[in-house]
1. Being in contact with a helix residue (DSSP H, G or I) (Cβ under 9 Å, 6 or more places away or on another chain) and either among the β-branched types (V, I, T) or open to solvent by 40 Å² or more (accessible area, probe 1.4 Å) (or both) is the filter here, so list the residues in the range 169-181 that pass it.
2. Among (1) at pLDDT 90 or above; (2) more than 10 Å from the ligand (Cβ to nearest atom); (3) open to solvent by less than 30 Å² (accessible area, probe 1.4 Å); (4) not in a loop (DSSP other than H, G, I, E, B), which single condition is D280 missing?
3. What number goes with the only condition from (1) part of a helix (DSSP H, G or I); (2) small (G, A, S); (3) more than 20 Å from the chain's Cα centre (by Cα) that A112 does not pass?
4. Among residues belonging to the range 241-258 that are at pLDDT 90 or above and of a type in the set (A, V, I, L, M, F, W, C), point out the one that is farthest from the ligand (Cβ to nearest atom).
5. Could you figure out which of (1) in contact (Cβ under 8 Å) with a residue 12 or more places away in the chain; (2) within 11 Å of the ligand (Cβ to nearest atom) isn't true of K275?
6. Quick one: which of D195, D235 is farther than 25 Å from K177 by Cα, open to solvent by 10 Å² or more (accessible area, probe 1.4 Å), more than 16 Å from the ligand (Cβ to nearest atom) and modelled with pLDDT under 95?
7. Please find, among L88, L103, the residue that is closer than 20 Å to S271 by Cα, more than 16 Å from the ligand (Cβ to nearest atom), within 24 Å of the chain's Cα centre (by Cα) and crowded, with 16+ Cβ neighbours inside 10 Å.
8. Among the residues of the range 106-149, how many are without any contact (Cβ under 8 Å) to a residue 60 or more places away in the chain, more than 10 Å from the ligand (Cβ to nearest atom), open to solvent by 10 Å² or more (accessible area, probe 1.4 Å) and closer than 18 Å to D278 by Cβ?
Amino acid sequence: SDRLTSVLQNLRSKGRLTDADIDSTAREIRIALLEADVALPVVRAFIAQIKERAKGAEVSAALNPAQQVVKIVNEELISILGGETRRLNFAKHPPTVIMLAGLQGSGKTTLAGKLARWLREQSHAPLLVACDLQRPNAVTQLQVVGERAGVPVYAPEPGNGVGDPVDVARRAIEEAKRAQHDVVIVDTAGRLGVDEELMKQAADIRDAVQPDETLFVVDAMIGQDAVTTAEAFRDGVGFSGVVLTKLDGDARGGAALSVRHVTGQPIMFASNGEKLEDFDAFHPDRMASRILG
Ligand code: GDP
């Protein structure tokens, strides 16, 4: 952020760092994080860690005290964001099942297409599965995305009524084995808000397909509101990783820091645009730089 950048620049021009310097810097960093929409408990924990490390830090010959604080802030941010990029877990016996969960509008269906395309480029043979049978257009939307990704979509036959998503998921796994797809990506229904029926349905699908990865898809633009949603999905369905979407917007990292801190699950992918190519593994170091401005 601009504020943080100027604080750190002030530090850069100073000589020795006193306790008072560390305190006033911590105060500025705290404000910057709150402005980036990081949840308050997360900010508190982070600031405490920074102060602890800054005060205990040995004076380095290579860096002046200001540079040391900058280094500590950056390192702690990267660490809270997960350190290294966490890669997908593939099943020993294919197909690997990846289930997607998240609120409607979070970018789940788009993400399904992006992930499918990304896997295909890495010589996998994914199958997309339409288990969002609530929203009238959801199946068609997944088919459009699948076509763009060059990946087939398993969906209930039209005209057969609404269909049971658990049943569709189960049959899709059989189809994947038959047609030798090594990865199955299951798109599930999302509502506008968290609701029990949605959670139960997602949990039923989870029990039926036993996913190797359950990815919680969350819109980065919702900032610290992501905490409540993430907690609801953690308790209702459980997940092994997080995908942040809409990072092409002006989201400042509040969602990333907060979700990571509150759920302890790694952020694995970043979605940053409407095109299928706008997608990459999540890099904690890049997000840290973005937060620091
Ligand atoms: P779902 O309801 O969770 O399946 O969400 P969709 O995949 O339908 O996405 C909702 C809207 O967000 C659509 O208009 C998408 O084009 C858009 N969208 C999805 N991902 C991104 C992204 O990374 N960046 C931007 N700018 N828009 C996105």
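1. Within the range 169-181, R170, I173 meet the criteria.
2. It is condition (3) that D280 fails.
3. So A112 meets the others, but not (3).
4. The selected residue is V242.
5. (1)
6. D235
7. L88 is the lone residue from the list that is closer than 20 Å to S271 by Cα, more than 16 Å from the ligand (Cβ to nearest atom), within 24 Å of the chain's Cα centre (by Cα) and crowded, with 16+ Cβ neighbours inside 10 Å.
8. The initial filter retains those residues of the range 106-149 that are without any contact (Cβ under 8 Å) to a residue 60 or more places away in the chain, namely 120-130, 132-144, 146-147.
Checking the rest, the ones that are also more than 10 Å from the ligand (Cβ to nearest atom) come to 120-130, 133-134, 136, 139-140, 143-144, 146-147.
Right, trim to open to solvent by 10 Å² or more (accessible area, probe 1.4 Å) and you get 120-125, 133-134, 136, 139-140, 143-144, 147.
Now restrict to residues that are closer than 18 Å to D278 by Cβ: 120-122, 144, 147.
So the count comes out to 5.
The values are calculated or read from the model by the stated rules, or taken from the named source; none is laboratory data. Keep in mind it's a predicted model, so treat the numbers as computed, not measured. We place every Cβ from the backbone using ideal geometry, glycine too, and count neighbours over all the protein chains shown. Just so you know, the surface numbers come from the protein's heavy atoms only, side chains and all, with ligands and any DNA or RNA stripped out. Shrake-Rupley method; radii C 1.70, N 1.55, O 1.52, S 1.80 Å.
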